[in-house]
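A.B. asks: Let me begin by handing over the structure; questions about it come next.
The values are calculated or read from the model by the stated rules, or taken from the named source; none is laboratory data. The structure presented is a predicted model; accordingly, all values stated were derived computationally and were not measured. Every residue, glycine as well, gets a Cβ built from its backbone with ideal geometry; the counts of neighbours run over all protein chains shown. Heads up: the accessible areas ignore ligands, DNA and RNA and are worked out on the full protein's heavy atoms, side chains in. Shrake-Rupley method; radii C 1.70, N 1.55, O 1.52, S 1.80 Å.
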Amino acid sequence: MGQSDGRRSQLLRGVLDLCLLAVMAEGPAYGYEMTKRLRARGLSIVGEGSIYPLLGRLERDDLVETKRAASNGGPPRKYYSMSPEGKRALEEGVREWQAARDAIDGALDLVKVEVRP
Amino acid sequence: MNEFIGECRKEWQRLGVPDPVANEMAADLTADIDEAEAEGGSAEDVLGNSLFDPQHFAASWAEARGVTSTPSTPSTPSTAPRRSLSRRQIAAAALAALAVVLVMGALVLGIGHQSASVAMSVRKILGPGSVHWFGAGPATPPARVFVSGPSFAVGHGPGPAIVAVGLLLAGVVVLGLAVFYWAPWARRHSK
């Protein structure tokens, strides 16, 4: 893992829970379904480690609600959806992220570099 | 993949995760991996680099859910702060403390009983007034005086001695319980 990957990993680690809550806002989803939703938005977080421990923590902290239901022709799956506490945590987390991002942008905008996609 | 799930199950069992919870986690994992493989992907698409460390993955997941009953010993050094004492450790410490109190009580009773016996022996031999009691109040006369042979041993009778022996035995039993509770934890952490 290069220095760039290491920094990306550290940056993501602090907001992965927000990302998971954000994709749950689209509707209840099971574990792998959330991974696919994030990938569709250009965010592959699986490389940073599995999402299951993170989902477990969200569940323990009552930020998500779970229910077991049948999936499309497959076995019953555990569906996660945001709880009212999770919604509040997401809103607060997004505010914190935006404030931090704006402050960091204010510092880094002084540096002129060519941004590669 | 069955091997990965099997390793996870072993770890959950070691951590004391209840069977229904372990079954649920294993079923969710299996279903997700099956779906990824059916779509042409692999287990790595679901698990990322956790695929190569099932023990750590299983422990992290169970601990995050708060379903473990024993502390884990991760295979790799962790930077996480040390966990607080488990209930088992607290029980062992409490039992050890109780054992100490019981043994101390037995010793105090035993020594007190012996001192009273000696003092009463001296008073018997030297006559009244030869023994002076120090303390908050007058000494309680012995409940029963007995004489055994030419040494004129005098005591309070068997009451306090029996209590002292009882306390001592109780202390030993409680100490044994403390060791019983502490030993499995200590064994795991000495590996």
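A.B. asks: State, as an integer percentage, the relative contact order of the stretch A:14-117 based on alpha-carbon contacts under 8 Å between residues 6 or more apart.
C.D. replies: Numbers: 91 pairs, mean separation 28.6, N = 104.
Here the relative contact order equals 27 percent.
A.B. asks: Related question: Residue farthest toward the positive end of the dipole of the stretch A:6-117, with Cβ of Lys/Arg at +1 and Asp/Glu at -1: which of A:Gly74, A:Leu12, A:Pro84?
C.D. replies: Projecting each Cα onto the dipole axis, the largest value belongs to A:Gly74.
A.B. asks: For labels at A:Thr66 and A:Glu91 in the simple 7 Å Cα→Cβ model, what's the distance in nm?
C.D. replies: Output for this residue pair reads 2.7 nm.
A.B. asks: Give me the compactness ratio for chain A, meaning the Cα radius of gyration over 2.2 N^0.38 Å.
C.D. replies: Numbers: Rg = 16.3 Å, N = 117, 2.2 N^0.38 = 13.4 Å.
Output field value: 1.21.
A.B. asks: Something else: Using the Kirkwood radius built from alpha carbon pairs, what does the Stokes-Einstein equation give as D for the stretch B:1-64 at 37 °C and 0.692 mPa s, in µm² per second?
C.D. replies: On the way: Rh = 11.8 Å.
Once the numbers are plugged in, D ends up at 279 µm²/s.
A.B. asks: For A:Leu18 and A:Val113, FRET efficiency with R0 = 41 Å and r from the beta-carbon atoms, rounded to 0.05? Before the final figure, lay out the partial values.
C.D. replies: Details: r = 27 Å, r/R0 = 0.65.
Efficiency, from the Cβ-Cβ distance: 0.95.
A.B. asks: What quantity of accessible surface, computed with a 1.4 Å probe and excluding non-protein components, is buried in total between chains A and B, in Å² to the nearest 100?
C.D. replies: Values: alone 8210 and 12490 Å², together 18980 Å².
Rounded to the nearest hundred, the buried surface is 1700 Å².
A.B. asks: What whole-number value in Å² describes the accessible area per residue of chain A for a 1.4 Å probe? Could you put the intermediate results ahead of the total?
C.D. replies: Numbers: 7350 Å² over 117 residues.
Heavy-atom accessible area per residue stands at 63 Å².
A.B. asks: Under 19 Å Cα-Cα from A:Lys112, which aspartates and glutamates qualify once same-chain neighbours fewer than 8 residues away are excluded?
C.D. replies: Filter leaves A:Asp102.
A.B. asks: Separate question: Measure off 7 Å from each Cα along the Cα-to-Cβ vector at A:Ser81 and B:Ser42, then give the distance between these two points in nanometres to one decimal.
C.D. replies: Placing both labels 7 Å along Cα→Cβ, they lie 3.6 nm apart.
A.B. asks: Next question, about the same structure. Which of the residues in the stretch B:9-43 lose at least 20 Å² of accessible area when you go from the chain alone to all protein chains together (probe 1.4 Å)?
C.D. replies: So the qualifying set is B:Glu24, B:Asp28, B:Ala31, B:Asp32, B:Glu35, B:Glu39.
A.B. asks: Percent of accessible area on chain A owned by carbon and sulfur, 1.4 Å probe? Could the numbers behind the result be given before it?
C.D. replies: Working: 3850 of 7350 Å².
The value for chain A is 52 percent carbon and sulfur by accessible area.
A.B. asks: Where only protein heavy atoms count, and the probe is 1.4 Å, what is the accessible area per residue for the stretch B:1-41 in Å²? Write out the running numbers ahead of the final one.
C.D. replies: On the way: 2070 Å² over 41 residues.
Spelled out: the 1.4 Å probe surface of the stretch B:1-41, per residue, equals 51 Å².
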